[in-house]
Amino acid sequence: MRIGLLTEGGYPYATGESRLWCDRLVRGLARHDFDVYALSRSGRQEDAGWIPLPPQVRRVRTAPLWGPQEDWLGGSGRHAVRAYGRRERRRFTTCFAELATAVCRTPDAVPDASTGTGCATAFADGLYGLADLAREHGGLAAALRSETAVRVLESACRAGGVRRGVHGATLPDHLAFADRVERALRPLSLDWYGEDGLGAVDLCHAASGGSAALPGLLAKRFFGVPLLVTEYGVHLRTHYLTVADAPVSAPVRTLLAAFQNLLTAEVYRRADVLTPGNTHARRWQERCGADRAKLRTVHPGMAADRFAAVGESGDGGDPRTLVWVGRIEPAKDLVGLLHAFAEVRREEPAARLRIVCAPVRDAESATYRTHCEALAAQLFPDEAADAHTVGDNPVSFEDLGGPYAPDVTDAYAGAGVVVLSSVVEGFPVGLVEAMLCGRATVSTDVGAVVEAVGGTGLVVPPRNPRALADACLALLRDPARRERLGAAARARALELFTVEQNVAAFRGIYLELISRAPVHREADAVGADGEPLPFAHPAEAYVAGHWTGRGPGGGTPAWAAAPQPVSTGPAPGGPVLAGAQAPAAEAPVADVPAVAAPASDVPAVAHEPAGGAGLVVASLPVAASFPVAGRVDGHV
């Protein structure tokens with residue numbers, strides 16, 4: 001099976017949250033071929049390079065969602081910057097007006113106000129109209145930044161029935177929104193949509209919603225390729241959390257939220273299967289219009305063997321130590337944790353708190369860490385056991401990878417209890433790591449925490465330091481309970497959150513989608529006269545070797561190739577359309593021989609009768625069958 005893996009800011013780049021589970025999935029499905037179509041988010045991400053790719057990744061095609069259009073269009077199609085003629089401009093204006101009107105108007109202003117399908121339909125018509133225009137003529141990126149696009153957007157904002165936050169939009173707001181929309185819709189202008197691109201895959205698997213799923217929507221529209229969308233962190237929720245702090249005006253924030261909402265709803269409506277990573281993400285998808293029949297919860301897969309040494313050692317860690325592990329940011333509520341630990345210290349003076357921090361990414365996180373360190377110094381002055389020892393603070397801030405915590409397993413190994421104090425959380429990866437290490441946990445009831453912990457840890461309300469302190473004291477004072485909860489936590493994590501269960505779930509979904517929607521390529525299986533080609537894909541052609549077409553310079557064997565009609569006119573493909581885009585930048589990946597077909601797919605050796613040359617009898621497999629009416633007939 002050939003999978004088109006669609007990512008944004010993740011795999012195969014060295015940074016990004018999705019690279020971990022995508023890499024584990026690709027390596028776990030070694031019998032499938034993967035074509036990776038990656039969208040990058042920043043120049044720093046591209047400079048960091050790729051992680052080592054397994055041999056089943058046949059090729060990687062990339063495009064950036066950042067920087068000026070002149071920097072990226074040169075590698076993805078020179079015609080994307082060409083100016084439209086009068087007919088194309090009129091067509092663009094019509095399509096973009098539909099999209100802009102749907103973004104600006106409230107659901108109450110459409111005919112079917114109860115469901116908002118009027119806005120959704122107009123948005124879809126505009127989106128696919130722009131996609132068709134970009135495929136035929138290019139130039140979409142330049143058009144989205146043109147004066148025409150700004151005037152269309154201004155008219156849509158001033159029409160009746162628009163959203164309340166849009167009324168005050170000014171020209172700078174229109175320019176800012178047009179810039180953001182052009183970046184979000186850049187996948188429409190790429191040259192990935194051809195018979196040698198996404199048209200050649202059997203299935204598209206988008207690692208998130210939003211712009212990453214756009215190529216999958218177009219592959220489904222142009223070629224009927226099934227689309228699978230996986231969201232471990234809901235794209236729309238992430239947008240709401242990040243746009244609140246973005247340096248944009250209120251009208252632009254309103255327009256961006258409406259655009260992302262409509263795009264997410266369209267992705268959910270067109271996807272064949274949606275796989276949220278937890279119940280929290282599943283509820284978000286249902287609220288955004290996802291059909292429950294399409295939803296399959298697939299928990300993230302984590303490398304359990306990494307934590308086996310700690311989890312199976314039988315050592316319960318330091319019974320007086322609380323450990324917090326993660327990335328310091330305001331959403332983690334370390335201020336509340338420090339106040340809770342002050343209550344713990346009043347009851348248990350020997351208790352200690354270790355805060356193990358991942359590297360700081362931005363200035364806001366660095367400022368927050370400085371604030372937390374100052375608060376800790378104020379709440380807990382350095383203490384000395386006697387008059388001859390150096391004072392020590394019971395709260396320590398340690399860098400992950402430093403001398404005291406060279407690896408995350410070392411941090412968990414020294415913990416009696418692992419604490420999570422977040423006020424906002426998606427899927428608690430750090431909490432699952434602690435469970436794999438066999439540690440009892442105390443956490444706040446946010447995101448998917450309850451789903452991950454189950455009954456193997458204590459859960460308290462967020463922003464409640466007193467409740468957090470009471471739960472920590474209950475475990476610090478009861479070693480037997482800590483041991484029971486730690487063992488149960490490890491058993492639960494091994495059952496639900498391993499790489500093996502994750503890969504097995506996606507393997508089954510892949511096979512189900514292919515069985516329900518087999519890809520039929522008429523160019524491969526139907527001749528010029530419209531009749532099916534017998535043995536268009538013989539089983540022998542899947543065996544590695546130059547004579548089968550699987551090696552360098554190979555092609556379809558002459559004895560299996562379809563007869564070509566003799567013609568003195570133009571090439572069968574017809575004239576090349578003006579404005580066809582040049583190939584995108586494609587990174588070469590080492591060619592690896594394909595995996596040989598199973599024994600049942602290889603024909604038996606032919607036997608020649610003893611009388612010499614004459615009739616040759618061969619046993620043909622069912623796989624070498626006749627494609628009829630878009631399906632595969634299993635009889636020869």
Inset, instruction - Please work out the FRET efficiency for the pair L241 and R86, using the Cβ-Cβ distance as r and a Förster radius of 45 Å; give the result to the nearest 0.05. - result: 0.55
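Would you mind getting the accessible area per residue of the stretch 203-353, heavy atoms of the protein chains only, 1.4 Å probe, in Å²?
Numbers: 5500 Å² over 151 residues.
Using a 1.4 Å probe on heavy atoms only, each residue of the stretch 203-353 averages 36 Å².
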Legend entry - V225 long-range amide H proximity, modeled H, under 5 Å: K220
Legend entry - Residues whose placed amide H lies under 5 Å from that of D191, excluding near-sequence neighbours: A584
Legend entry - Within the accessible area of the stretch 185-232 (1.4 Å probe), percent carbon and sulfur: 42
Inset, instruction - Using per-residue counts of other Cβ atoms within 10 Å, averaged over each peptide, order 180-188, 372-380, 402-410 from highest down. - result: 180-188, 372-380, 402-410
Inset, instruction - Convert each backbone phi in the stretch 475-492 into a coupling constant with the Karplus relation 6.51 cos²θ - 1.76 cosθ + 1.60 (shift: θ = phi - 60°), then list the ³J(HN,Hα) values in order as whole Hz, x for Gly and Pro. - result: 7, 4, 8, 10, x, 5, 5, 4, 5, 5, 5, x, 5, 5, 5, 5, 4, 5
Legend entry - Three-way shape call for the stretch 216-349 based on the alpha-carbon gyration tensor, with the a/c threshold at 1.5: oblate
Legend entry - Nearest-0.05 FRET efficiency for E147 and D382, computed from C-beta distance (R0 60 Å): 0.40
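Would you mind telling me the share, in percent, of accessible area of the stretch 442-497 contributed by carbon and sulfur at probe 1.4 angstrom? Each step should come with its number before you reach the end.
Details: 1280 of 2420 Å².
The computed percentage sits at 53.
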Legend entry - Table column - 3J(HN,Hα) (Hz), the stretch 247-253, Karplus curve with 6.51, -1.76, 1.60, x for Gly and Pro: x, 10, 6, 4, x, 5, 4
Inset, instruction - Report, by chain and number, residues whose modeled amide H sits under 5 Å from the one on R327, excluding near sequence neighbours (fewer than 5 apart, same chain). - result: A358
Inset, instruction - In whole Hz, with x marking every Gly and Pro, tabulate ³J(HN,Hα) for the stretch 200-205 from phi via Karplus 6.51 cos²θ - 1.76 cosθ + 1.60, θ = phi - 60°. - result: 9, 8, 8, 7, 9, 10
Legend entry - For F497, net neighbour charge (Lys/Arg +1, Asp/Glu -1) across residues whose Cβ lies under 15 Å away: 0
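Quick check: residue separation of T367 and R31 times 0.36 nm, minus the Cα distance between them. What number comes out in nm? Display every interim value, and only then the final one.
On the way: separation 336, 0.36 × 336 = 120.96 nm, distance 4.77 nm.
So the chain would gain 116.2 nm between T367 and R31.
Taking 0.36 nm per residue of separation and subtracting the Cα-Cα distance, what length does fully extending E348 through H167 add?
On the way: separation 181, 0.36 × 181 = 65.16 nm, distance 5.80 nm.
Extending this stretch completely gives an extra 59.4 nm.
Provide the packing ranking of 475-487, 448-460, i.e. peptides ordered by the mean count of other C-beta atoms within 10 Å per residue, highest first.
Numbers: 475-487: 16.7, 448-460: 20.6.
Listed from highest to lowest mean packing, they are 448-460, 475-487.
The values are calculated or read from the model by the stated rules, or taken from the named source; none is laboratory data. As the structure is a prediction and not an experimental result, all values here were calculated from the model. Positions of Cβ are backbone-derived with ideal geometry, glycine not excepted, and every protein chain shown enters the neighbour counts. Protein only, heavy atoms only, side chains kept; ligands, DNA and RNA dropped before computing areas. Shrake-Rupley method; radii C 1.70, N 1.55, O 1.52, S 1.80 Å.
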